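Worksheet: the structure to be examined is printed underneath.
The values are calculated or read from the model by the stated rules, or taken from the named source; none is laboratory data. Small disclaimer: the values here were computed from a predicted structure and weren't measured. Cβ: placed from backbone, ideal geometry, glycine included. Neighbour counts: every protein chain shown. Side chains included, ligands, DNA and RNA excluded: accessible areas come from the protein's heavy atoms. Shrake-Rupley method; radii C 1.70, N 1.55, O 1.52, S 1.80 Å.
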Amino acid sequence: MLCVLSVADKDSAIGRQFSSQVSILSAMELIWNLCEILFIEVAPAGPLLLYLLDWVRLHVCEVDSLSADVLGSENPSKHESFWNLVTTLVLQGRLDEARQMLSKEADSNPTSAGMCRVLGDLMRTMPILSPGNTQTLTELELRWQHWHEECERHLQDGTFASNPHLESLCKVLLGDDAALLEHKELLSNWYHFLVTRLLYSQPTVKPMDLHLYAQSSLDLFLGGESSPEPLDNILMAAFEFDIHQVIKECSIALSNWWFVAHLTDLLDHCKLLQSHNLYFGSNMREFLLLEYASGLFAHHSLWQLGVDYCDHCPELGRVSLELHIERIPLTTEQKALKVLRVCEQRQMTEQVRSICKVLAMKAVRNNRLGSALSWSIRAKDAAFATLVSDRFLRDYCERGCFSDLDLIDNLGPAMMLSDRLTFLGKYREFHRLYGEKCFVDAASLLLSLMTSQIAPRSFWMTLLTDALPLLEQKQVIFSAEQTYELLRCLEDLTSGRPLCGEPDAQQLQDDDIETTKVEILRLALARNLARSIIKEGSLEGS
């Protein structure tokens, strides 16, 4: 498919833009297919050549477009590329198609009809070990030797002497190196030359001898005019059945780790790399997969694929994932949630906590207190939850109302994370009870917040001020004992025993507003104490 794309788009803007990528992918596919044949199929002599023929036909595919061009003309045998097409078909072992083309030549040129028929018969009778054929290699070799002698006899007798094209094709059938190299342009590369050479000279080549023919074919094809390319070195290593050299050469030549990682993974699953461990303890499969995954983690969206690769590396995958996951930039909350889901699914507690802390701090900087509190709870970070709770309380003091009520109302067991968060939740519950006119329950909760030391001392004045409306209710809400507790709290707050970081008593007394508040509270508490004593006394008397 890649080859077709390359040919079809070779003159287009898209083809020019992606030509290098297509060539790299074509090279990858070429190497991969050869490794499948040599290392995985492990084809024996006979079938090995059939696999190699299919390999060449798949990757040297210009003949298909050439065939369409010739057959689409009014008179195919007169087309300028007709003999190039016939020769290429023979070079690829597509002899049935070549015979059909020769029949067109015979129909249009009676003087060549007899020679075309003889050459066509030679092509038809060429022995090939086809799949499902029960004949042995020895029988094939004997039949092939007789066929080869017949081809040579026709050449020696001058059967095709009057037609240079047909005579050249007969020399190709004989596997003559010089004749094959005359068609160097049609062969296009040395491995095509190798397979054609084997087809017509050594059809029963053994796998162990393959590298000898490969090396000589490379030398003959290049002819000392140029040096082998990186692709040539990779293919040669494959023909030598040197798996590790193939991987090494691919690692050097290719632009990223995708190919070597997946090829190594395939070979490892086929139990072909078990004995090869790297000196630092990992095996080659894991090393290459993790190298490829590290590149994926640098991508804004493909990092999720990198996670999957780490999951399939039992030795070092977990450690590598932990290192990479912390470096993913959390550009959006949606992306952060995806990263968190990955960590939570794999019980990566430290990473979950770290990510939530980062997001909580970012939310605080943007004054999104609800989000900050949510992330700090998810991180189980008591210190940060306390900090955010203080910000909520400060905002309440400044604005007189809470933001993010839904979050605070639904804290549930999470409010136990820190005392300050517990106070925030309970204080919000006090406001809810007050709003629902459950004054007795609201009063009891307010007092417990102060006496249990959950409420910060700096917030006591606010709590006492919240008690004023309850003290002024027509019915007595606070009992005498509760009123005494409130008075004790007020006296503690104004008695000159400041706590670190809180306003001392002198500062409160110097503030006229605070002084007025204290006097109003004392008066309200005194009145409520009198009312409660009278009420409780009358109840006892009755």
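All C-alpha pair distances within region 17-256, sorted into 5 Å bins from zero, spread as 1, 6, 13, 16, 18, 16, 13, 9, 5, 2, 1, 0 percent across the bins.
Output needed for region 417-470: three equivalent-ellipsoid semi-axes, defined as square roots of 5 times the C-alpha gyration tensor eigenvalues, in descending order, whole Å. Please list the in-between numbers first.
Numbers: eigenvalues 61, 32, 15 Å².
After scaling each eigenvalue by five and taking roots: 18, 13, 9 Å.
Relative to its residue count, region 105-174 spans a Cα convex hull of 89 Å³ per residue.
What the phi angles of region 34-41 give under the Karplus curve with 6.51, -1.76 and 1.60, with θ = phi - 60°, is a coupling list of 5, 5, 4, 5, 7, 9, 9, 5 Hz, glycine and proline written as x. Residues whose amide H falls under 5 Å from that of Glu240, counting only those 5 or more places apart or on a different chain, are absent, with hydrogens built in the peptide plane. Annotation note: GluC sites (Glu not before Pro) in region 286-378 located in DSSP loop regions with a Cβ neighbour count of at most 15 within 10 Å are Glu315, Glu326. Note on Met361 and Ser458: with the Förster distance fixed at 30 Å, the Cβ-Cβ geometry gives a FRET efficiency of about 0.80. The calculated FRET efficiency for the pair Ser201 and Glu240, based on their C-beta separation and a Förster distance of 25 Å, comes to about 0.75. Taking amide H as placed 1.01 Å from N in the peptide plane, Val205 has its amide H under 5 Å from the amide H of Gly46, each at least 5 places away in sequence or on another chain.
Over region 17-256, what is the relative contact order in whole percent, taking alpha-carbon pairs under 8 Å and six or more residues apart? For region 17-256, the relative contact order is 22 percent.
How much area per residue is accessible in region 17-256 when the probe is 1.4 Å and only protein heavy atoms are counted (Å²)? With the other protein chains kept in place, region 17-256 gives 47 Å² per residue. Computed with the Debye formula from one identical point scatterer per Cα of the chain, without solvent, the log10 of I(q)/I(0) at q = 0.06, 0.07, 0.10, 0.11 Å⁻¹ comes to -0.57, -0.64, -0.93, -1.03. Under 5 Å between amide hydrogens, built in the peptide plane, is the criterion, and for Asn283 it picks out Leu278 among residues at least 5 positions away or on other chains. Looking at region 186-254, the GluC sites (Glu not before Pro) that sit in a DSSP loop and have at most 11 other Cβ atoms within 10 Å of their own Cβ are Glu225.
Rounded to two decimal places and with Rh computed the Kirkwood way over Cα pairs, what is Rg over Rh for region 130-276?
Working: Rg = 19.3 Å, Rh = 18.0 Å.
Answer for region 130-276: 1.07.
Stokes-Einstein, applied to the Kirkwood radius of region 164-241 over Cα pairs at a viscosity of 0.692 mPa s and 37 °C, places its translational diffusion at 253 µm² s⁻¹. The HN-Hα couplings worked out from phi for region 430-441 by the Karplus form 6.51 cos²θ - 1.76 cosθ + 1.60 (θ = phi - 60°) are 4, 5, 5, 4, 5, x, 8, 6, 8, 5, 5, 5 Hz, whole numbers, x standing for Gly and Pro.
Annotation: lysines with alpha-carbon distance below 29 angstrom to Lys248 (same-chain offsets under eight excluded): Lys206, Lys271.
Leaving ligands, DNA and RNA out of it, rank Thr88, Thr515 by accessible area with a 1.4 Å probe, largest first.
On the way: Thr88 10, Thr515 50 Å².
Largest to smallest exposure gives the sequence Thr515, Thr88.
Between Glu315 and Ser81, residue separation times 0.36 nm minus the direct Cα-Cα distance comes to 78.4 nm. Simple rule: put +1 on each Lys or Arg Cβ and -1 on each Asp or Glu Cβ in region 17-256, find the dipole, and look at Thr125, Val172, Phe18; the Cα lying farthest toward the positive end is Thr125. The accessible area of Asp466, taken with all protein chains in place and a 1.4 Å probe, comes to roughly 30 Å². Only Cα pairs under 8 Å and 6+ residues apart enter the sum, and on that basis the relative contact order of the chain stands at 7 percent.
When the helices in the chain are scored as -39500 (n - 2.57) per DSSP H run of 4 or longer and the sum is shared across all residues, what 222 nm value do you end up with, to the nearest 500 deg cm²/dmol?
Details: 30 runs with 377 residues, N = 542.
Result for the chain, helices only: -22000 deg cm²/dmol.
Rolling a 1.4 Å probe across all protein chains gives Tyr200 an accessible area of roughly 0 Å². Could you tell me which of rounded, prolate or oblate describes region 257-329, using a ≥ b ≥ c as the square roots of the eigenvalues of the alpha-carbon gyration tensor, with rounded for a/c under 1.5 and, failing that, prolate when a/b is larger than b/c and oblate otherwise? Cα axes put region 257-329 in the prolate bin. What FRET efficiency do you get for Phe439 and Glu322 if R0 is 60 Å and r is their Cβ-Cβ distance, rounded to the nearest 0.05? Between Phe439 and Glu322 the formula returns 0.65. Within the accessible surface of the chain, defined with a 1.4 Å probe on protein heavy atoms only, the carbon and sulfur portion equals 53 percent.
Which GluC sites (Glu not before Pro) from region 10-89 combine a DSSP loop assignment with at most 13 other Cβ atoms within 10 Å?
Glu74, Glu80
Applied to region 139-146, the Karplus parametrisation 6.51 cos²θ - 1.76 cosθ + 1.60 on θ = phi - 60° returns per-residue 3J(HN,Hα) values of 4, 5, 5, 5, 5, 5, 4, 5 Hz, with x for Gly and Pro.
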